[in-house]
Amino acid sequence: MSIQSLLVTLLVGAIAGWLAGLVTRGSGYGIIGDIIVGLLGALIGSWLFGLANVSLHLGNAIVERIAVALIGAVVLLLIVSMLRPRRFRERFASFWRR
C-alpha cells in the first residue's frame with residue numbers, strides 16, 4: 001500500500017466516521033475515534049453491499065467509498081448502541097439524539 005492510498009483510506013475513514021457521528025449523536029468522536037469508526041464502517045459497508053450484490057454509482061470513486069463507509073458506520077453505531085445496557089425505550093431515543 002502506497003503512502004497516497006493510505007492517506008486516502010484514512011481521509012475516507014475520518015470523513016465517514018465524522019458524518020456517522022453527526023447522524024447518530026449530533027457530534028463526532030474526535031479524530032482518532034472518527035477514523036476508527038469510519039474504517040470499521042467501510043469494512044461493514046463493503047461486506048453488506050457485497051452480500052446484497054449492490055453497487056453504488058455516484059460518479060466519483062471517493063464519494064462512493066465515503067457513502068459505503070458511512071452506511072456501514074451508521075450500522076456499526078446502531079449495533080453498539082443496542083448492546084449498551086439500558087432500558088429498551090432509552091436505546092432508540094438516545095441513538096437519534098440531536
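The values are calculated or read from the model by the stated rules, or taken from the named source; none is laboratory data. Being a predicted model, the structure only gives us computed values, none of them experimental. All Cβ positions, even for glycine, are placed from backbone atoms using ideal geometry, and neighbour counts span all protein chains on display.
In this structure, does R91 turn out to be surrounded by fewer than 13 Cβ atoms within 10 Å (Cβ to Cβ), over 17 Å from V8 (Cα atoms) and modelled with pLDDT under 90? Against the criterion (surrounded by fewer than 13 Cβ atoms within 10 Å (Cβ to Cβ), over 17 Å from V8 (Cα atoms) and modelled with pLDDT under 90), R91 does not qualify.
If you go through the stretch 15-26 and pick out every residue that is touching a helix residue (DSSP H, G or I) at 6+ places or on another chain (Cβ under 8 Å), without any contact (Cβ under 8 Å) to a residue 60 or more places away in the chain and either surrounded by 21 or more Cβ atoms within 10 Å (Cβ to Cβ) or within 15 Å of L78 (Cα to Cα) (or both), you end up with 7. Can we say S46 is among the polar types (S, T, N, Q), part of a helix (DSSP H, G or I) and either buried (at least 22 other Cβ atoms within 10 Å of the Cβ) or over 13 Å from the mean Cα position of the chain (by Cα) (or both)? No: the conditions fail for S46. Scanning the stretch 49-66 for residues that are surrounded by 12 or more Cβ atoms within 10 Å (Cβ to Cβ) and touching a helix residue (DSSP H, G or I) at 6+ places or on another chain (Cβ under 8 Å), we see that the one that is nearest to V8 (Cα to Cα) is I62.
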